[in-house]
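To keep things clear, I will list the structure first and then write my remarks on it.
The values are calculated or read from the model by the stated rules, or taken from the named source; none is laboratory data. Because the structure is a prediction, the values reported are computed rather than measured. Ideal geometry is used to build each Cβ from the backbone, glycine not excepted, and the neighbour counts take in all protein chains shown. Heads up: the accessible areas ignore ligands, DNA and RNA and are worked out on the full protein's heavy atoms, side chains in. Shrake-Rupley method; radii C 1.70, N 1.55, O 1.52, S 1.80 Å.
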Amino acid sequence: MYYANIKYCDISNGPGVRTSLFVSGCTHQCKNCFNAIAWDFTYGAAFTEDVQQKILESCRPSYIEGLSLLGGEPMEPENQPVLLDFVRRFKSIYPNKTIWCYSGYTWEQLTGQEPARCRCESTDALLQMLDVLVDGEFVQDLYDITLRFRGSSNQRLINVPATLASGTVTPWVDKPIFSTHTMD
């Protein structure tokens, strides 16, 4: 697997400060994609053990809330086995930090409810490692700059553990930044 970019101390792709890994390879090729350069599966650099270790180290500080996976397309079948091994390592080291994944595939496609090329032997296990899935292709006609953590209104922020437990897509709900409690 190749990656296009790594952003350390990223505040755009999930809550708090995170490390974001932008993998290479995407077959969606959405119109006006912000990262079209990463469509090529061999763009960037190889996702070596040294690179993985650097990402894991970057997540050590307590102010880092977690890891975000973007692309390209993390859920392409070509990328899933490598990412599954990596996020397993991440969760074993940082069980209380979150993993967000951005995918042009929908929850229904990823779980096999609708046919799609994304399903492979790693998909179910990879989904179980995620805390939040931002699903759906970017759609230029639905672009909305006011949306938090997504680009177009068709994209959903899915609470993966709650969705797996209930069998119904459950939206992720952000925690309030400020308390509404007043001092007397």
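General observations
- Test for G14: is it assigned to a loop (DSSP other than H, G, I, E, B), under 16 Å from the mean Cα position of the chain (by Cα) and in contact (Cβ under 8 Å) with a residue 24 or more places away in the chain: yes
- Where T163 falls short, out of the listed (1) open to solvent by 50 Å² or more (accessible area, probe 1.4 Å); (2) over 14 Å from Q80 (Cβ atoms); (3) among the polar types (S, T, N, Q); (4) in a helix (DSSP H, G or I): (1)
- Top-ranked residue in segment 95-141 [being among the polar types (S, T, N, Q) and farther than 18 Å from C30 by Cα; ranked as nearest to the chain's Cα centre (by Cα)]: T98
- Which numbered condition K31 misses (of (1) farther than 25 Å from Y94 by Cβ; (2) open to solvent by less than 10 Å² (accessible area, probe 1.4 Å); (3) not hydrophobic (A, V, I, L, M, F, W, C)): (2)
- Pick from segment 166-181, criterion open to solvent by 60 Å² or more (accessible area, probe 1.4 Å) and modelled with pLDDT of 95 or more, ranking: farthest from E73 (Cα to Cα): S166
- Here A4 passes the criteria (1) assigned to a strand (DSSP E or B); (2) over 19 Å from G151 (Cα atoms); (3) open to solvent by less than 20 Å² (accessible area, probe 1.4 Å) except the one numbered (3).
- The lone exception for T48 - which of (1) in contact with a strand residue (DSSP E or B) (Cβ under 7 Å, 6 or more places away or on another chain); (2) surrounded by fewer than 18 Cβ atoms within 10 Å (Cβ to Cβ) it fails: (1)
- Failed item, numbered, when I99 is tested on (1) assigned to a loop (DSSP other than H, G, I, E, B); (2) touching a Ser or Thr at 6+ places or on another chain (Cβ under 9 Å): (1)
- Qualifying residue in segment 73-91 (condition: in a loop (DSSP other than H, G, I, E, B), open to solvent by 40 Å² or more (accessible area, probe 1.4 Å) and touching a residue at least 40 places away in the same chain (Cβ under 8 Å)): yes
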